[in-house]
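A.B. asks: First the structure, which I've put down as structure tokens, then a few questions once you've had a look.
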Amino acid sequence: MKKTFIIANWKCNPTTLKKTKTLFDSIKKQSNKTKKGNNEIVICPPLVYLPTINAKPTNIKLGAQNCYWEENGAFTGETSPLMLKDLKCKYVFVGHSERRKYFNETDEKINKKIEAIIKAKMIPILCVGETKEEKKQEKTQQILKTQLKIALKGVKLKNTKLCIAYEPVWALGTGKACNPDEAKKINLLIKKIITQLYNPSIAKKLPVLYGGSVNSKNANAFIKEACMDGLLIGGASLDAREFSKIISSI
Ligand code: 13P
């Protein structure tokens, strides 16, 4: 049975350690009551909270929202993949649109990060997606092709795990999620691009996730109708009840 990924991106929230612990404990409690099936539940808190979160004795996995590509050295303010691995992180986001927009994360930098994350034996979650303007100009296909081609340049995927998340920028935090039919087309498009860059067997195995205004009402449609392998959840993951409802709706 294929795994379904349910990934919480807390972004730059909550603002205190106390609130973070309360949120995590309540997700833990709710998720213990919820049938998880073959779901892989991942929480990605702000980096500073990673060591304070105790995921045991649950099956919840930890992820990071960002990392640098060097292992150590004079890089003030950065966090290396080795540090994240040491904190029991299993996943790391790369190329989230907020990092592309506010922190100048280019496709070339994303490529270096992916290599470094894989080297540290973690799983990169590569986020791709078009802006509202690019969608209007019917450039989605071209944008996804470029983002995937540069981000994966030289990356060997044969025995390596990687997830791709389609996160249309216009759907993030807007309450206007992508239509599941449209998401299904993009899912197929991503598989086609991966087939061109690698081969059909790698494309078949690669999980493709959806993110952008997911809630407990629309979550199931992205899995069942759009055939996505999982979800990236921002706002709704800051509410333990809503997050658990999403888990049980799938
Ligand atoms: P929202 O669920 O708040 O739209 O955010 C999605 C997201 O950015 C996940 O990475």
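A.B. asks: Pick from 151, 226: which is surrounded by 21 or more Cβ atoms within 10 Å (Cβ to Cβ), within 19 Å of residue 39 (Cα to Cα), of a type in the set (Gly, Ala, Ser) and away from the ligand (no atom under 15 Å from the Cβ)?
C.D. replies: 226
A.B. asks: Let me confirm something: among 186, 193, which residue is away from the ligand (no atom under 14 Å from the Cβ), closer than 20 Å to residue 4 by Cα and surrounded by 17 or more Cβ atoms within 10 Å (Cβ to Cβ)?
C.D. replies: Going through 186, 193 in turn, the sole match is 186.
A.B. asks: Next up: Conditions: (1) in contact with a Cys (Cβ under 9 Å, 6 or more places away or on another chain); (2) within 15 Å of the ligand (Cβ to nearest atom); (3) not in a strand (DSSP E or B). Residue 232 meets all but one. Number of the miss?
C.D. replies: Condition (3) is where residue 232 drops out.
A.B. asks: Do we have any residue at all in segment 243-250 that's within 15 Å of the ligand (Cβ to nearest atom), touching a residue at least 40 places away in the same chain (Cβ under 8 Å) and assigned to a loop (DSSP other than H, G, I, E, B)?
C.D. replies: There is no residue in segment 243-250 that is within 15 Å of the ligand (Cβ to nearest atom), touching a residue at least 40 places away in the same chain (Cβ under 8 Å) and assigned to a loop (DSSP other than H, G, I, E, B).
A.B. asks: Using the structure shown, decide if residue 237 is assigned to a helix (DSSP H, G or I), touching a residue at least 24 places away in the same chain (Cβ under 8 Å), of a type in the set (Gly, Ala, Ser) and within 15 Å of the ligand (Cβ to nearest atom).
C.D. replies: For residue 237, the condition - assigned to a helix (DSSP H, G or I), touching a residue at least 24 places away in the same chain (Cβ under 8 Å), of a type in the set (Gly, Ala, Ser) and within 15 Å of the ligand (Cβ to nearest atom) - is met.
A.B. asks: Could you check segment 101-128 and list, in sequence order, the residues that are within 13 Å of the ligand (Cβ to nearest atom) and assigned to a helix (DSSP H, G or I)?
C.D. replies: Residues satisfying the conditions are 101, 102.
A.B. asks: So the check is Cβ under 8 Å with 6+ separation or different chains; which pairs have a first residue in segment 204-226 that's under 14 Å from residue 178 (Cα atoms) and a second one that's within 11 Å of the ligand (Cβ to nearest atom) and of a type in the set (S, T, N, Q)?
C.D. replies: Qualifying pairs under 8 Å: 211/9; 212/174; 213/174.
A.B. asks: Taking the criterion of being farther than 25 Å from residue 238 by Cα, of a type in the set (Phe, Trp, Tyr) and free of Cβ contacts under 8 Å to residues at least 24 places away in the same chain, would at least one residue in segment 67-78 satisfy it?
C.D. replies: Checked against the condition, which is being farther than 25 Å from residue 238 by Cα, of a type in the set (Phe, Trp, Tyr) and free of Cβ contacts under 8 Å to residues at least 24 places away in the same chain, segment 67-78 yields at least one hit.
None of the figures in this text is laboratory data; all of them are computed from the coordinates on show. Because the structure is a prediction, the values reported are computed rather than measured. Cβ sites come from the backbone with ideal geometry, for glycine too, and all protein chains shown count toward neighbours.
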